[in-house]
Amino acid sequence: MFYLFNLYLTRLISLIKNLFQERQDNMQKYRRLFRSLSYAAHSSLQPQALWQFGRMITCTQPDVNPFMYNNYGCWCGLGGTGTPRDDLDRCCEVHDLCYQASRHLPECRPIIDVPYIKVYIFSCTNGQVSCSASNNVCQASVCECDRVAANCFAQSTYNPENNNLDPKTHCIT
């Protein structure tokens, strides 16, 4: 009798382990699917808006690849935290705070007027960026954030040592 109970208990434990492992595998699949869908949605919205900011940077600095500013210091790229490492990193902090302020304008709708995907009209003449007067309030705000940042980048020194920093180590508040 004890043998049968022990065998039953062993099988039950094995079954529970298998169910738990199956659940973990499914969760991993769902996480991967969610990440893929999030990336697809994010990347389908992002290029045009980011492309505009990149074109502004290229306008103010024709020989510079705008992607060199991604993951620079503590503030350039997605997110931002801590004390800016230098003037260039401070440009990115101001840019992030500008985007944050534009999200809180009464005329801007929370989901539709997100700065990272907001498309606007601007021109570039002789290294000078101008935001169009035909932009609505939200477009004008985001355009101005990008214009100021592009000019700030052009006036700041790029320090390769501040590229791809580990935020946990170098970006302490």
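The numbers here are math on the coordinates, done by the rules we state, and not lab data. Note that the structure is predicted; figures quoted are calculated from it, not measured. Because the Cβ atoms are built from the backbone with ideal geometry, glycine has one as well, and the counts that use them run over all protein chains shown.
Normalised Debye scattering of the stretch 46-170 at q = 0.15, 0.16, 0.17, 0.22 Å⁻¹ gives log10 I(q)/I(0) of -0.66, -0.75, -0.84, -1.30, counting only Cα atoms as equal scatterers and leaving out solvent. Taking every alpha-carbon pair within the stretch 45-113, the share separated by more than 19 Å comes to 42 percent. Taking a sphere under 13 Å around the Cβ of Trp51 and counting the other residues whose Cβ falls inside, with K and R at +1 and D and E at -1, yields a net charge of +1.
Please report the net charge: other residues with Cβ closer than 11 Å to the Cβ of Asn162, K and R +1, D and E -1. Overall, the nearby charge balance is -3.
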